[in-house]
1. Ranked from highest to lowest mean number of other Cβ atoms within 10 Å per residue, what is the order of the peptides 264-276, 87-99?
2. If we count other beta carbons within 10 Å of each Cβ, what is the order of Asp159, Asp109, fewest first?
3. For Arg69 and Arg106, FRET efficiency with R0 = 22 Å and r from the beta-carbon atoms, rounded to 0.05?
4. How long is the gain from Asp159 to Gln279 if the chain were fully straight, where each residue apart is worth 0.36 nm and the alpha carbon distance is subtracted?
5. List, in order, the whole-Hz ³J(HN,Hα) value for each residue of segment 13-27 obtained from phi through the Karplus relation with A = 6.51, B = -1.76, C = 1.60 and θ = phi - 60°; use x for Gly and Pro.
6. Per residue of the chain, what 222 nm ellipticity follows from adding -39500 (n - 2.57) for every DSSP H run with n ≥ 4, rounded to the nearest 500?
7. Search the structure for amide H atoms under 5 Å from the amide H of Leu197, placed 1.01 Å from N in the peptide plane, and list their residues when 5 or more places away or on another chain.
8. Mind telling me which of Thr86, Thr209, Thr30 comes out most flexible in a GNM of the chain, alpha-carbon contacts under 10 Å?
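Values quoted throughout were computed directly from the atomic coordinates according to the rules given, and no laboratory measurement underlies them. This one's a predicted model, so the numbers in the text were calculated from it and none came from an experiment. Here Cβ is always computed from backbone atoms with ideal geometry, including for glycine, and neighbour counts include all displayed protein chains.
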Amino acid sequence: MIEAHALTKRYGERTAVSDLSFTVRPGVVTGFLGPNGAGKSTTMRMILGLDAPTSGRVTVNGKQYAEHRAPLHEVGAMLEARAIHTGRTAYNHLLALAATTGIPRRRVDEVIEIVGLGQVARKRAGGFSLGMGQRLGIASALLGDPATLVLDEPVNGLDPEGILWIRNLLKDQAAEGRTVLLSSHLMSEMALTAEHLIVIGRGRLIADTSVADFVRTAAGASVRVRTDEAERLRQLLVGHEVSVASVDRGVLEVTGLSSDRIGRIAADQAIALAELTPQQASLEEAFMEMTRDAVEYQAPAREPEGLAA
């Protein structure tokens, strides 16, 4: 378990993380999200004892990282996959880590097979592709068979097979009772991997909730309705806290009413419906909605076609 209490980090006059509190619990994959500059990397570095908080405290399994006698057995981390000696082979890189932390040699062989580097284990890591480097970084994180995993952008550079592999691996780790904290900018993949989310912006907590609740709360749900009597139905539906938009001829998008309620209203007025489909926003849409005021660098607004100079 990871517990952050009123965590704050300042660099001179700049506050990277401000009064941040959250708990990452075992048994589920927790996604750690935020725009660029939100403070994610700083927070992860404080979890691992690489940066000291200005105030507040963060513990892993009840202790600060430096207080653990055998940290690799408690926390496996990957913040920068290519932070390795490029002249070493993958095998020797892992063997050096194992030798300095009391991990048996057989565990090196095990993690090499787990991450699929068996055929290149004796090659120098400096010649690895980005995806192979990611696999080696993940192998390093798994080496101590830790109770907690902290991974920053683990799917970068992986092909579709590799992305599916890391997704299943993290779910399996959580299913075994481990604590898994995962940071990624790939919202589609986060939606498939994580069950819980911690979202921050400008160093402050925005949300600490399940993926389903985050999407539902942030973006709201709408219902797509198709009927030959769209205008008549619109008049019946629109009202306080209910909005109705025309998205195409004969097609309405209704926000503020459930599909069951819309169906009953239509049936009472003998309006035939060709389609009545609940629409759910994506995690990406929900994330953009919830963090739009916390983005450090805004892209310029796109001019309508035909108006550009």
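1. 87-99, 264-276
2. Asp159, Asp109
3. Here the calculated transfer efficiency is 0.50.
4. 40.2 nm
5. 8, 8, 9, 7, 9, 10, 6, 9, 10, 6, 10, 9, 9, x, x
6. Counting only the DSSP helices, I get -9500 deg cm²/dmol.
7. Hits under the 5 Å cutoff: Gly31, Thr209, Ser210, Val211.
8. Thr86
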